[in-house]
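What follows draws every value from the coordinates through simple rules; no lab data is involved. These numbers come from a predicted model, not from an experiment. All Cβ positions, glycine included, derive from the backbone under ideal geometry; neighbour counts span all protein chains shown.
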4 protein chains.
Amino acid sequence: MTSKSSESSERTGLWLVGARGSVATTAAVGLLALRAGVTGPTGCVTELPAFTGVPLVSWDDIVIGGHDIVHCPLEKRAEQLAGAGVLGQSVLAAVREGLAAVDAEIRDGYHQATHTGDQASAASRLSEDIRSFAERNGLARVVVVNVSSTEPPCPPLPEHDDLDLLEAALTDPARAVLPASSLAAYAALRAGSSYVEFTPSAGVTLPALRQLAERERLPYAGCDGKTGETLLRTVLAPMFTARALKVRSWSGTNLLGGGDGETLADPVTAGSKLESKARGLAALLGEQVTAPLHIDNVPDLGETKTAWDHVSFEGFLGARMSLQFTWTGYDSALAAPLVLDLARLTAAAHAAGQSGPLAELAFFFKDPLGSDEHRFAEQTAALLTWAAAL
Amino acid sequence: MTSKSSESSERTGLWLVGARGSVATTAAVGLLALRAGVTGPTGCVTELPAFTGVPLVSWDDIVIGGHDIVHCPLEKRAEQLAGAGVLGQSVLAAVREGLAAVDAEIRDGYHQATHTGDQASAASRLSEDIRSFAERNGLARVVVVNVSSTEPPCPPLPEHDDLDLLEAALTDPARAVLPASSLAAYAALRAGSSYVEFTPSAGVTLPALRQLAERERLPYAGCDGKTGETLLRTVLAPMFTARALKVRSWSGTNLLGGGDGETLADPVTAGSKLESKARGLAALLGEQVTAPLHIDNVPDLGETKTAWDHVSFEGFLGARMSLQFTWTGYDSALAAPLVLDLARLTAAAHAAGQSGPLAELAFFFKDPLGSDEHRFAEQTAALLTWAAAL
Amino acid sequence: MTSKSSESSERTGLWLVGARGSVATTAAVGLLALRAGVTGPTGCVTELPAFTGVPLVSWDDIVIGGHDIVHCPLEKRAEQLAGAGVLGQSVLAAVREGLAAVDAEIRDGYHQATHTGDQASAASRLSEDIRSFAERNGLARVVVVNVSSTEPPCPPLPEHDDLDLLEAALTDPARAVLPASSLAAYAALRAGSSYVEFTPSAGVTLPALRQLAERERLPYAGCDGKTGETLLRTVLAPMFTARALKVRSWSGTNLLGGGDGETLADPVTAGSKLESKARGLAALLGEQVTAPLHIDNVPDLGETKTAWDHVSFEGFLGARMSLQFTWTGYDSALAAPLVLDLARLTAAAHAAGQSGPLAELAFFFKDPLGSDEHRFAEQTAALLTWAAAL
Amino acid sequence: MTSKSSESSERTGLWLVGARGSVATTAAVGLLALRAGVTGPTGCVTELPAFTGVPLVSWDDIVIGGHDIVHCPLEKRAEQLAGAGVLGQSVLAAVREGLAAVDAEIRDGYHQATHTGDQASAASRLSEDIRSFAERNGLARVVVVNVSSTEPPCPPLPEHDDLDLLEAALTDPARAVLPASSLAAYAALRAGSSYVEFTPSAGVTLPALRQLAERERLPYAGCDGKTGETLLRTVLAPMFTARALKVRSWSGTNLLGGGDGETLADPVTAGSKLESKARGLAALLGEQVTAPLHIDNVPDLGETKTAWDHVSFEGFLGARMSLQFTWTGYDSALAAPLVLDLARLTAAAHAAGQSGPLAELAFFFKDPLGSDEHRFAEQTAALLTWAAAL
């Protein structure tokens, strides 16, 4: 069987929540550029030789649409990203037309502040957008991926733990029990779509929504795409444990420009991101260590982010040593190919009849659903084994 | 079965070539400190929970001896290391007596410049030192580990490839066909001992010596202990390949004080170390990349070494990004526990009847004998599987 | 005139508030070690050739005493510092006797939580301690230097701005209008001593106390010793402005162990330090830039502190570039010689009849009193010119 | 007097040796962009407020021409620089026409390998190019600036020390006694132009050429523009000396892409650059320190360069501490505005009747001619004082 023939011939939808954001725009530009042959698959995990033979949808058969609450044309967003160094001018020229087609598939997202009526009707409208997108484009299935701005932590409610309670509350026009990301997940699942939570927002993680996914026999994955500092931590921490070196402190500072920086400048919002990072570190090291962590909004950095980590560790006979690293990258360029990979892999899992949390996609996430494995090498092995069996 | 009962009760020798060097002294101090209970096993891989049940010699049953060409008492060397921050004063106080006992087991090493007579007789003398050490101490077996200064690269000779030719040449008083490290390996194998090459010197790697090991049914391992920059490279490079990120250049600078810095200041000697590092990097990345690498002698750094690496890589849509790291550590504190681990594991392999290159010890080495696997996570898994089966 | 003859023959007191802290202990050990000839004057600015001929008290003629609220013997504190790498064992051995003598000159400090009675009587007792120290030791004058833990920012009161109001309030047993540092400054000035504020605490900076210094014709200096990140900023920022390069952001993270880390972990206390740092940066760059700054308590770092700064700047034609630095040092080793320098220089100014803020000592401080000059090179030149005229 | 009125109204030529290189192209683009008002003067020292009132030629009155041995159109070179991130697309669009005009003023440079005839006739041709440029454009004077590729170190000849001997040798068709940079300097001076050596090549530094400059009453300056690692060293080293901290080692690694990286990959060529850097460091610190220094060619870095320096220093009581920095910048963007500044300042000195080495321009150079002052702050002060007196 050739690599070609293993590609699924079914057209598949990628529905992006936050479809006009930097990650979504870069994913759309990248897909169009891959299709046009003006860029290579660098950064796309599913194009590695190890995935030959896995039944994944081809780039040609992925159709992008999505929700957003802003209206800036994708072409303009792409121009901004080119100005910021994320894209080259020649790529931009090759995808302008294709971006207009994606633009035509973007619908108004849910915005709590401006919404009137109950959340149930909002969810119905969102679901209908996804269903009509699928129908209009002849799609076998749709993967919904949330790449919108990180939300503040979501205060717990009893309705989050019980699907029946939740559905009753959604019809109460006086209440808004779900944060926007979870309403998007609810709408996705109700539309028969799988769901990927690429941000640290609540999304599909509420128990009631996980019940819904199980009931509908739909797969989901998340959460919080692993693209920088945490990626390095899940690579480096196992080295210390394998060598019996005792990490004493692991301090980190993240400098972010772009929209993400602005959103996370709010300490309340940052909270959920910081907590998830700390949990992962303790899991990796097998114990709590001093681990101060900061996220700073530094607008002049634009689309780049820079992380500095300082690890203090102890070796034989109590010798004190240290490791520092500085990671400088374009957040969108790191995240976008993973979004495409996740669309392919989640669609394949859906097609294969898998449902519930896709634990083997832990490779992609800071806070993997369905998995306690944070070590990157083990996550890589698990992903490859799982994909080979698809 | 308790962890205790799995420990081998047979007394085992650890014979260090370069027994008065910083690594050897730290290993001796450390073993004595572990035995005295004044330090914990931080940095000792074989003390990790994963090794529970593996039949390893206990700290109490390891006896240290060795060869060296200098005569500075171990106690004085330990004081120097304490002054340099490698050891604490309280550890030093607890091991003084024990160091004197180790000192009494150190014999004059082979020094080509001052040696008279043929190399065969030199080898006989070295072998006899090891044999009488074993007898005097009632040892079941001895592991010889070379931790002496790195030699200049060894020019190839036909005798290196054929054991019969080699043994004939050794009896010629006009020739010195083996570098000191290989003479030490030859003597070790002739004494029925296993051999570990912890430096980048030729040691046991010459084909004729590997023939000897096979003939004598002895295990060996090497070479070049992986304790800093290369350790990190074998941890980080697989991350880039797993994420389909294209490394474009990987530049490195090593600042070394201590004896190692002085030895490696000689570009000819450094050559063998640099070559081995570059080989490993290309193997990890699957292709050659621009990889300038320097080793500088910076005496004021004393026992510490600092490595700075700069990795330039390309992501999706050609985005250019970078990773830098700085690693600062005590070379001896990093190497010494691995020497103890290697002694335990090699002795266990010997006891289990294994011979030839111990490929599963690749975890410990920059340039693993018998293995092409440079990825640290895979090396870790292989080591654990192998140890569990001992 | 020889360098020798320019040394003042008058015995001078150095009274340390926080006399058992790390900085004070290191200063005491250092002075004794200099006197014993077991260490050189590295880090002592006043021993540079440029100070030859300036009438400064010799090391032999400085007597140390002080206040503290803890009772740990200095010798024990010095042992702790030796264990942490700040001092060598040989230095420690040479100064043990001298430390006992210093210990005998340390009195109980003022502690608001345990004090009973009005602050005026507390101040009288503190003053009397200083006066009797001077008398007992035959001192021509005493310089009081505050090196105690940083206090939380001091809420403003009308009494802080008016000496008469203040002195009235001090006699009210129901009130505690002065923070401990300012009470120490008040007591110092009332004892006829000059005062140096080496921390970011309020100390002598309250207007009422500055009035008192003027009235008593006493010199004072401060505040907040410049020993690390800020030192580098006052060196580097002028480079950017001199080269017309536009700094866009200057982000910083400070990792502190030791007592300082603990104290500054409290965000309220850190506030005063962070504000003073931000003020200085804006003054240096001539405008506000994005400048997130963190101080983290990382106990395992012990006596060391590590600062990482990331400067993003713009050059010709809008090119975006960056500078990062990491500074790793022993806070006490950096601060202690400056405390000795300040004692010498402030005593010389006092002897020369100077009073009020010693603006030319800006060289030593993050937030210089009496000066707007933050540029290190200009501060250096001003210090040398002033000292030469003493 | 307004700032405007202080600008010289005389048209001035800037003749670039290596006129199609990255630095020259960026300088030309930048001048045109400044004139068109599409960029600001960031990076231009002479536009700082401190230069108000100094009689400098306005951007409008500078005309660029030059020599080069390659023929790639400037417009194409500018496009390459835009692709590499040095220039924005909008700047490029605004200067295309102007670049064509500069292109028309570029003449074939001297290339020893292809030149036939004696060097005297080559020099005459070069001089004539400069003279006719001046005449054609109605220029009051021309400043020649060498920004061509660094040459290998120039072996000393007796003719380099004596102008008469030199001029005799130049007429010998069998000899080529001057390297290209020095022939350019000779031609410049013979054409009545001042000369600035912006590279580490020999240029005007040969004694015979300095005699010529003195005889012709012409000013000159150099050498080796200070734009990165050395700039930082001349800023940071004085901090250590002012604080009496003892630098023990100062190690550096430079990663260069672009043409400069390629040229300096040749160890022989790098030699002159490394020597000049080491000289400066010793001058700054007042003594030799261990200072390993590397320049690596890393083509994928493109127009950027990255320098990492590690400084190990000793403080009070022998405490060992360290400073590391990483500088990442666009070499052309850093150098080009300095070339414009040097043209303005050298022309003003020429107009003011100054001749010989312009020591006050040390601010701009790694190896300043006529000055032993390497400290950046002192160089800044000297420059401003000198300029104010023009």
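Worth pointing out:
- Region A:140-203, Rg to Rh (Cα coordinates; Rh as Kirkwood inverse mean 1/r): 0.97
- Rounded to the nearest 20 debye, dipole of region B:229-330 from Cβ charges on Lys, Arg, Asp, Glu: 600 debye
- Principal semi-axes in Å for region C:6-54 [√(5λ), Cα gyration tensor, largest first]: 21, 14, 11
- Lys/Arg +1, Asp/Glu -1 at C-beta; region C:229-329 dipole; positive extreme among C:Leu301, C:Leu281, C:Phe313: C:Phe313
- Within 10 Å of each Cβ in C:248-255, the average number of Cβ atoms from other chains: 5
- Considering only beta bridges that DSSP places wholly inside the protein assembly as shown, some 45 percent are antiparallel.
- Across the identical copies, the 7 Å label point of D:Asp108, projected outward along Cα→Cβ, sits 7.1, 7.4, 9.6 nm from its counterparts, in ascending order.
- Pairs with C-alpha atoms separated by more than 27 Å, drawn from the list C:Lys246/D:Lys226; B:Lys246/B:Lys277; A:Lys246/A:Lys277; B:Lys226/D:Lys305; B:Lys277/D:Lys226, are B:Lys226/D:Lys305; B:Lys277/D:Lys226.
- Binned Cα-Cα distance frequencies in region D:7-115 - 10 Å width, integer %: 14, 43, 31, 11, 1
- Under 5 Å, built H, 5+ apart or other chain: amide partners of A:Ile64: A:Leu14
- Per the Debye calculation on region A:229-330 with a single equal scatterer at every Cα and no solvent contribution, log₁₀ I(q)/I(0) for q = 0.13, 0.23, 0.24 Å⁻¹ amounts to -0.48, -1.20, -1.27.
- Taking every alpha-carbon pair under 8 Å whose residues sit at least 6 apart, chain A reaches a relative contact order of 20 percent.
- Amide H partners (placed H, <5 Å) of C:Gly356, local residues excluded: C:Leu218, C:Tyr220
- Within chain C, antiparallel bridges make up roughly 40 percent of the DSSP beta bridges whose residues both belong there.
- Region C:229-329: antiparallel DSSP beta bridges as a percent of all, rounded to 5: 75 percent
- Translational diffusion of chain A, µm² s⁻¹ [Kirkwood Rh, Cα pairs; Stokes-Einstein; 4 °C; 1.567 mPa s]: 60 µm²/s
- Table column - 3J(HN,Hα) (Hz), region B:143-160, Karplus curve with 6.51, -1.76, 1.60, x for Gly and Pro: 9, 9, 10, 8, 10, 7, 4, 4, 8, x, x, 9, x, x, 10, x, 4, 6
- Taking the label point 7 Å along Cα→Cβ, D:Glu167 and its counterparts in the other copies are spaced 8.3, 8.5, 10.3 nm apart, in ascending order.
- Evaluating 6.51 cos²θ - 1.76 cosθ + 1.60 at θ = phi - 60° for every residue in region B:337-345, the Karplus couplings come out as x, 5, 5, 5, 4, 5, 4, 4, 6 Hz, glycine and proline recorded as x.
- Ranked by how many other beta carbons lie within 10 Å on average, peptides D:161-173, B:10-22 from highest: B:10-22, D:161-173
- The relative contact order of region D:229-329, computed from alpha carbon pairs under 8 Å that lie at least 6 residues apart in sequence, is 39 percent.
- Over the protein assembly as shown, the alpha carbon radius of gyration divided by the compact-protein estimate 2.2 N^0.38 Å works out to 0.99.
- Residue list for region A:24-39, given a label point 7 angstrom along the Cα-to-Cβ vector of A:Asn137 and an amide N cut-off under 17 Å: A:24-36
- Counts of other chain beta carbons within 10 angstrom of each beta carbon in peptide B:289-298 average 5.
- Under-5 Å amide H pairs with C:Val144, H placed in peptide plane, nonlocal only: C:Trp15, C:Ser194, C:Tyr195, C:Val196
- Cα-based radius of gyration of region D:164-309 once divided by 2.2 N^0.38 Å, which approximates compact folds: 1.25
- Shielding of B:229-242 by partner chains, average beta-carbon count, 10 Å: 4
- Dipole-positive endmost among B:Phe365, B:Ala180, B:Ser201 within chain B (Cβ charges, Cα centre): B:Phe365
- Under the Karplus curve 6.51 cos²θ - 1.76 cosθ + 1.60, θ = phi - 60°, whole-Hz ³J(HN,Hα) for region C:205-215, x wherever Gly or Pro sits: 6, 5, x, 5, 6, 5, 4, 4, 4, 4, 4
- Peptides A:115-122, C:152-159 ordered by packing proxy, namely the average of other Cβ atoms within 10 Å per residue, highest first: A:115-122, C:152-159.
- At q = 0.10, 0.20 Å⁻¹, base-10 log of I(q)/I(0) for region A:295-390 (Debye sum, equal scatterers on each alpha carbon): -0.44, -1.06
- Sum of -39500 (n - 2.57) over DSSP H runs of 4+, divided by residues of chain D (222 nm, nearest 500): -13000 deg cm²/dmol
- Straight Cα distances below 18 angstrom link C:Lys366 to the aspartates and glutamates C:Glu151, C:Glu197, C:Asp224, C:Glu229, C:Asp260, C:Glu275, C:Glu287, C:Asp309, C:Asp331, C:Asp341, C:Glu378, with same-chain residues fewer than 8 positions distant left out.
- Estimated dipole of the protein assembly as shown in Debye, rounded to 20 [Cβ of Lys and Arg +1, of Asp and Glu -1, Cα centre]: 0 debye
- Packing rank of B:237-250, A:91-104, C:190-203, where each peptide gets the mean count of other beta carbons within 10 Å, highest leading: C:190-203, B:237-250, A:91-104
- When A:Glu79 is represented by a point 7 angstrom out along its Cα-to-C-beta vector, the spacings to that point in the other copies are 2.2, 7.4, 7.7 nm, nearest first.
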